[in-house]
1. With D:V166, D:V154 as the choices, which residue is within 14 Å of another protein chain (Cβ to nearest Cβ), in a strand (DSSP E or B) and buried (at least 24 other Cβ atoms within 10 Å of the Cβ)?
2. Considering only residues that are outside any helix (DSSP H, G or I) and closer than 18 Å to C:Q275 by Cβ, which ones fall in region D:255-308?
3. Criterion first (modelled with pLDDT of 95 or more, buried (at least 20 other Cβ atoms within 10 Å of the Cβ), within 30 Å of C:S303 (Cβ to Cβ) and not charged (D, E, K, R)) does C:I208 satisfy it?
4. So, in region B:274-292, how many residues would count as being more than 17 Å from B:L338 (Cα to Cα) and at the interface with chain C (Cβ under 7 Å from one of its Cβ atoms)?
5. Would you confirm whether any residue within region D:209-216 is in contact with a Ser or Thr (Cβ under 9 Å, 6 or more places away or on another chain) and under 17 Å from D:P101 (Cα atoms)?
6. Taking A:R355 as the residue in question, decide whether it is within 14 Å of chain C (Cβ to nearest Cβ), of a type in the set (D, E, K, R) and either closer than 30 Å to A:T28 by Cα or touching a residue at least 24 places away in the same chain (Cβ under 8 Å) (or both).
7. Could you go through region C:174-191 and let me know if any residue there is among the small types (G, A, S), under 30 Å from C:D345 (Cα atoms) and either in a strand (DSSP E or B) or free of Cβ contacts under 8 Å to residues at least 12 places away in the same chain (or both).
8. Considering only residues that are part of a helix (DSSP H, G or I) and touching an Asp or Glu at 6+ places or on another chain (Cβ under 9 Å), which ones fall in region D:21-36?
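The values are calculated or read from the model by the stated rules, or taken from the named source; none is laboratory data. Just so it is clear, the structure is predicted and the values come from calculations on it, not from any experiment. Reconstructed Cβ throughout: ideal geometry from the backbone, glycine too, with neighbour counts over all protein chains shown.
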Amino acid sequence: MDIDTLELTAEETAFREKVRSFYAEHLTPPLRRAAELTSWTFAEFEYGRQWQKILYKAGWGAPHWPVEYGGAGFTPRQRLIWELETARARPPEVMRMGRDYAAPCIMRFGTDEQKQFFLPKIIAGEDWWAQGYSEPGAGSDLASLKLSAVSDGDEYLLNGSKIWTTFAQHANRIFMLARTANMEKKQQGITFLLVDMNSPGIEVRPIINIAGEHEFNEIFFTDVRVPKSRRLGQEHEGWAVARYLLLFEHGAGIARSAAELKRRAGWVREIASLEQDGCGGALLDDPDFSRKLGLLEIGVEAADFAADQVIIAAAAGSAPGFEAELLNIRCRELDQSLTELAMEAIGYYAAPDQREARFVEPRTDAIGPPHVLTPTPIFFAQRGATIAGGTPDIHRNNLARHLLD
Amino acid sequence: MDIDTLELTAEETAFREKVRSFYAEHLTPPLRRAAELTSWTFAEFEYGRQWQKILYKAGWGAPHWPVEYGGAGFTPRQRLIWELETARARPPEVMRMGRDYAAPCIMRFGTDEQKQFFLPKIIAGEDWWAQGYSEPGAGSDLASLKLSAVSDGDEYLLNGSKIWTTFAQHANRIFMLARTANMEKKQQGITFLLVDMNSPGIEVRPIINIAGEHEFNEIFFTDVRVPKSRRLGQEHEGWAVARYLLLFEHGAGIARSAAELKRRAGWVREIASLEQDGCGGALLDDPDFSRKLGLLEIGVEAADFAADQVIIAAAAGSAPGFEAELLNIRCRELDQSLTELAMEAIGYYAAPDQREARFVEPRTDAIGPPHVLTPTPIFFAQRGATIAGGTPDIHRNNLARHLLD
Amino acid sequence: MRYAWTEEQTLLRGALERLFAERFSFPDRSKQPNQYVAQAAWRELAQLGVLGLPFEEQFGGSEGGALDTALVMEALGRGLVPAPYIPSIVIGGGFLRYAGPSALKAELIPRLIAGDLHLALAFTEAQSRFNPANVATSAVRRGDRYILSGQKIVAYNAPIAGFLFVTARTGGAHTDLDGVSLFLVSVDAAGLEVRSYETADEYSAADIRLNGVEVAVGHLIGEEGKAIDLIERVLDEAIVAACAEAVGAMAALNARCVEHVRTRVAFGQTLSKFQALRHRIVDMHVAYEQAGALTLKAALSLSAAPAHRARIVSACKAQVCQEAAFVGKAAVQLHGAIGVTDELDVGRYFKRIMLFQHVFGGADYHLRRFLALSR
Amino acid sequence: MRYAWTEEQTLLRGALERLFAERFSFPDRSKQPNQYVAQAAWRELAQLGVLGLPFEEQFGGSEGGALDTALVMEALGRGLVPAPYIPSIVIGGGFLRYAGPSALKAELIPRLIAGDLHLALAFTEAQSRFNPANVATSAVRRGDRYILSGQKIVAYNAPIAGFLFVTARTGGAHTDLDGVSLFLVSVDAAGLEVRSYETADEYSAADIRLNGVEVAVGHLIGEEGKAIDLIERVLDEAIVAACAEAVGAMAALNARCVEHVRTRVAFGQTLSKFQALRHRIVDMHVAYEQAGALTLKAALSLSAAPAHRARIVSACKAQVCQEAAFVGKAAVQLHGAIGVTDELDVGRYFKRIMLFQHVFGGADYHLRRFLALSR
């Protein structure tokens, strides 16, 4: 969807202007640069944190939350305008596991105490959450997780490890799945816990990703004690909480994917307009390059419209599960192809390893013109887009079950 | 492999000249046209028959057969020259089930009587064989065939049906698999039979293919009596004969596929040089079209070299099974893409249904220039190339077993 | 196609699907010649009021929009009905609606709506490929007539049309945008030779020779030499209609494939147990969803400014060509040998989809048009 | 790569594989800086005589052919060894062999063979993309010297090279084939600025600025203004070497994937039980076979006439780029999250394969070169 094709009322126009001037005022060059340098999911942490605090001060720390917890109380149209303007402005992507994943689950399954304790710290940008799902032996097959939580009076005693926890080095809390019992089905006997990262017995090992960045971690739990008051939902029934979260994650994903795709396509086009074809013309006019870009841009147009229909249908009350998952497969393929094309566009300058130049405050001078700094790490990091959140094979399995069984 | 890159001895050059002048003399315009009009595997039957008789008269009715049965006794180099020159000359493709499939099996498994009775008629172009393998419920899963052959004294009594028998309307004999017993494994209890098509109780129903041509048939067997002297190999052990035949079929396939691919690529290039781009240039110079053609031509170069290596390795005694099957997947993909590109090249003229104009002696005038007559039926008919002889899925299953189990 | 259809549209959709399933379903209908089936379907469509959908009420039409046309075409595609809705109603009707002289409109539109008249467009020539401005056929003004000379190829529906819309050059060089004019030519005109044939996708078409055909100036459609914008507009509408037809065919093929893999047994299991086939079926549905989305987006863009409209329509054609070809090939492959025969509708859908590829311009032509408008 | 290798070649292959497996295998070797690994490997290669493979016996070489180079590169690729064989031996050595003045050859080749000298080619510029004739760097003759001015980017191996081969224009317009000259420039030359860095594929490279660098006429390589044919020839040899390296990487990835799916368990089964993965592994092997076949074909074509050689080499690069990218992406995907980290060699092979894409011209550049030579 395109903000310029929306017909706005006077009131809506005023709202849009308010949002635009907010972004114009607060989105400083370092914050913009933080967004541009993002190669995996979140911007450099410090800038994401700053941005969350700015949002919070403006009353927009978590616009989609219920008003009672600090939500902005947008109408659906305002929400749409907010999202389209946000996509256009491109603030740094905030480490979202607390605000977008943990919070809705706490609202749905949490005790009053838990709500009062956790939610204000999330929206204010004081608490930062990691997501403890995958384990070394349980990736796509999440339910086979083994990290054990043994009941010991008012506490659980945790032993085991979690892996691929994005940005856990910046988190002070982690929501996680632990096995409290071995029952007939592996989805049973799992418990959802809210754990402090500074608990004794927790150790974090960095995992450097393929783009040379510290995105992932492995977390070791050795006799970590967690009060039972930090359990979310019923004992042994954490899978229900996890599924609720997953639904939420997918729904938010589609709108974001489509907007992100459009931005990405524009980015590739811009790079190609800055690069040359080697014979005196712009790379953008090279028939081979423009063919590949055009095919992807067309794909983006289709995905964008399909996403709108899914969103509209969801707004009308129908569950977006099947269509969203179907669309998701194509969106990720398109996005990965776009990042590959960006890397192709910069030719030889794809090669330099520039990890030290890619901080908001760079630790070394960059090689080449500014536009060659990010395509390579973005391409490499985004290979993870078809691994995190389920591989295309897993999604195809789910969809096939829906279509055929 | 390219005949022009072979370094020939004086003797070999003389042989090549002999082959070339044979083709120059005997390959008359109707025979050439029969080859050009071939959309599925074999040329219009009457012209294939004529050609086989010409070959026979020249002593080349089945050059690869042992000399005792009428083979030409070529050296390996002569065989290579023969095949390369044949690919260049392009005679009509002869209905090959007798000469290339049944005959080697008869030589290997047949009684002296069977050899003496059948082989001379095959090489002379008097007998024409159909292949009775698939059944309505047994396609890719051939071994689950059900057509029954019940022993009755000196005869078998056949009941059931065969389907997808190419050119059975022209055959006077058929080799076939029939179930003589239900044993533990479905591959057991199958018997290989040599049956006269004029046996009472055989009925042939034509199946018109997607290109509008009568290529396939369904054959119904109702109390058909077959003398046991027409059994090839042991009772219940016909699967061994079938597997021998299959090996043979695959081996011959690779060299033919690679040569066919080169010819097909040249054909597409020629069509594109005759078509226009709509803006005053030749379609061949259109960057989108040339890109697609170039990618396929490069694929053909690779397949051609790989085929040579398989053939050389086979000549050196190693079984070509795995590599040939691997290569086969790519060859068929390439060939289908080339036929699709040919159809794309002729644009709107792909549309007219010209089945009546596509006989060597046409039954109606053709629409459009000569080069638009065949791309559409060839494209459509060749969709069968990834079905007959095993789908890519089946081949991938076989190869995966080899690689992983 | 996934959309918030109105109740009326949903009713029409249902009515068409029932009609096609009951009266024109395969293999029964293949016992009759295609032309007979087309005629029978045409009568039914006339009775349902579908032929009047896009026309003004004053002529008996119901003033429907692009989405209605898409909906009808999707149903025709799904039902594999060889009704020439695009040449007669979308293209012929479109030219009349946008540029027809009032007298002609009043004369022809009611006959079209009643199902008594067919129309056709003859614009492609042997050298023109997909470029509608590549016109070698000439039209020379002589008094109150134009004299048309040249040749056209593969004019769909010409064999049963009463009138042909013919493009001819009244000025400019061979491929100039300027100088292309559009004429309404009666099939009975002297000097008009029509070589008719059936097409592999079960429609009819003709190659046409114009040997000094005389056309009255009143049958010039639009302004002399300025027909390209009109032609592009109407062709864009035809493209969306053709894409909707292809999307309908894709829906039908997907349904056939789901049914087939659920029932066909091989190696002791139904095909639906094989992961490779399961994933292929998913990919076929992804392709269908994407094609449907772009077709709707393009239908909604038809009333937009020409450059925007053309950009989205070209995106649509380029993408639907690919998606449809993928689904068509996969469906044939999934069905095995029976898929490459004329005995099953799968092969016929496939042929329709493959000939759809080049109609009104192939994927590459539209990719370039999209790119030219994306700067 | 499937070929009738000689016994000698088979022995060399085995020796290299053992060496790389024992001395430079992952993850042990990742505990040391890449440059250290490269140096250690270089010493071993010198000892094995591999650095002298292509050179004349009079300088201590063994006069091997293109297949020997391909074999070495395949082994380096399979072992993921960051040894700069291409810039120093294939390219630098190639220029010396084909066009080096005798005195230079006698001075430099023995040092190369001994492993005491590295070379590099600086030919790409910010605007040149893949066109070696696009040279803005200028060389002006002044007496017995040339004065070079301009900038070069991403000169592989320049950080450790003793001499750079630098392209510069001595005549003609910006992208003319005529007027390109090749110079041997000492890295100690005044006015030469070298900005060194590591590359994502574990080699080293540099951006270079020539601020009026003086070069003696004796260090002009080949004829003034006529270096393009020489450069194309040597680059074609480098391309085949790079393709062989990529083929080696593909072989290693395929082996890793077979091992991974046989051992990794998900949903209660080893991954090797899932048909979709089984078929992907097959397709990866098909890709490998095709890439290997074309690489050998290209290696055998290197001694053919320039047009034939260039056509096959370009076919090879265009195809191997695609096949390698397919295998690389599939291998990362198959390994899941661990595949997108620096902790497993799979990700490093993948990076090498992806940066191989554009080295010496991308797939599109070579597709067009192939097509231009296919008429």
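1. D:V154
2. Listed by number, the residues that qualify are D:R264, D:V265, D:A266, D:F267, D:G268, D:Q269, D:T270, D:F274.
3. Taking the combined requirement at face value, the residue does not satisfy it.
4. Matching residues across region B:274-292 total 5.
5. Checking region D:209-216: at least one residue is in contact with a Ser or Thr (Cβ under 9 Å, 6 or more places away or on another chain) and under 17 Å from D:P101 (Cα atoms).
6. no
7. There is no residue in region C:174-191 that is among the small types (G, A, S), under 30 Å from C:D345 (Cα atoms) and either in a strand (DSSP E or B) or free of Cβ contacts under 8 Å to residues at least 12 places away in the same chain (or both).
8. D:R23, D:S30, D:N34, D:Q35
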